[in-house]
Structures are given as structure tokens and as C-alpha cells.
1. Please pick out the residue among LYS18, LYS32, LYS68, LYS23 that is within 17 Å of the chain's Cα centre (by Cα) and outside any loop (DSSP other than H, G, I, E, B).
2. So the check is Cβ under 8 Å with 6+ separation or different chains; which pairs have a first residue in the range 62-87 that's over 20 Å from TYR37 (Cβ atoms) and a second one that's in a helix (DSSP H, G or I) and modelled with pLDDT under 85?
3. For the range 56-106, which residues satisfy the criterion of being at pLDDT below 85 and charged (D, E, K, R)?
4. Is at least one residue of the range 35-54 modelled with pLDDT of 80 or more, of a type in the set (Lys, Arg) and surrounded by 13 or more Cβ atoms within 10 Å (Cβ to Cβ)?
5. When only residues in the range 1-50 that are aromatic (Phe, Trp, Tyr) and assigned by TED's automatic domain parsing to the domain that holds LEU62 count, which is nearest to ALA61 (Cα to Cα)?
6. Tell me which residues, restricted to the range 19-34, are surrounded by 13 or more Cβ atoms within 10 Å (Cβ to Cβ), without any contact (Cβ under 8 Å) to a residue 24 or more places away in the chain and more than 27 Å from LEU84 (Cβ to Cβ).
7. In the range 35-54, which residues are over 11 Å from the mean Cα position of the chain (by Cα) and either aliphatic (A, V, I, L, M) or not in a loop (DSSP other than H, G, I, E, B) (or both)?
Amino acid sequence: MSSIAEFYSRNLATEVIKGMSQKAAKGGTIGKAPIGYLNTVFRDEVGREVRGVSLDADRSALVEWAFKAYASGDWTITQLADELWFPPNRGGLLYAASRSGATVFS
């Protein structure tokens with residue numbers, strides 16, 4: 001009986017890895033979108049659900065500025081973190097945008 005469970009577990013892991021690889025190869029995202037992007041869901045012409053990412057209009061400008069500021073050499077990572085990670089009501093990056101409300105990044 002344990003050999004069946006082992007086979008099932010290994011097969012399931014293989015199928016999950018295969019599915020994630022196929023999704024990435026087609027341009028899909030695996031997991032949560034990075035800061036500056038939002039997870040999106042829409043239906044294609046056949047009616048299938050397609051998940052992807054789109055720019056977060058509120059936060060993408062902050063992320064772009066952070067990269068440019070760091071590349072200039074005038075800002076350290078600590079200074080950027082202090083500048084960007086303030087409460088969300090002031091437009092910071094501390095909280096992730098979500099449909100159900102803001103959730104703290106861990």
C-alpha cells in the first residue's frame with residue numbers, strides 16, 4: 001500500500017511541475033504578481049479563464065523610480081526602503097494590492 005502512495009506522490013509532483021512549466025512557457029505567471037503588477041483574470045474568445053499580470057498604475061511608477069534612483073548611485077537600499085515603505089494611504093509599497101483589501105507583505 002505504501003508503494004502506491006509513493007507512486008501517487010511522485011506522479012503528482014511531476015504533473016504539478018509540468019503544469020507550472022507549461023504555464024510559464026505560455027507567458028503565464030506562477031503565483032502572486034511582483035510589486036508593481038496586479039494579478040488579472042479574463043476570459044478568452046472560447047470562454048476559458050486566462051490569468052496573467054498587468055501593471056499596477058498606482059505602484060509601478062514607484063518601482064520604476066526606485067530602480068532608477070538606486071542605479072544613479074545616490075541612494076542606498078536602506079534609504080530607498082525608508083522612502084518607499086510607508087503607510088498605504090500615502091501610496092507606499094508596504095501593502096500588496098488585492099481584491100479583498102490590503103495585505104501586509106511578509
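The values are calculated or read from the model by the stated rules, or taken from the named source; none is laboratory data. All values derive from a computational prediction rather than experimental measurement. Using ideal geometry, Cβ is built from the backbone for each residue, glycine included, and neighbour counts are taken over all protein chains shown.
1. Answer to the check: LYS23.
2. TRP75/GLU83
3. Within the range 56-106, ASP58, ARG59, ASP82, GLU83, ARG90, ARG99 meet the criteria.
4. For the range 35-54, residues modelled with pLDDT of 80 or more, of a type in the set (Lys, Arg) and surrounded by 13 or more Cβ atoms within 10 Å (Cβ to Cβ): absent.
5. TYR37
6. MET20, LYS23
7. Once the filter is applied, which keeps residues that are over 11 Å from the mean Cα position of the chain (by Cα) and either aliphatic (A, V, I, L, M) or not in a loop (DSSP other than H, G, I, E, B) (or both), the range 35-54 yields VAL41, PHE42, ARG43, VAL46, GLU49, VAL50, ARG51.
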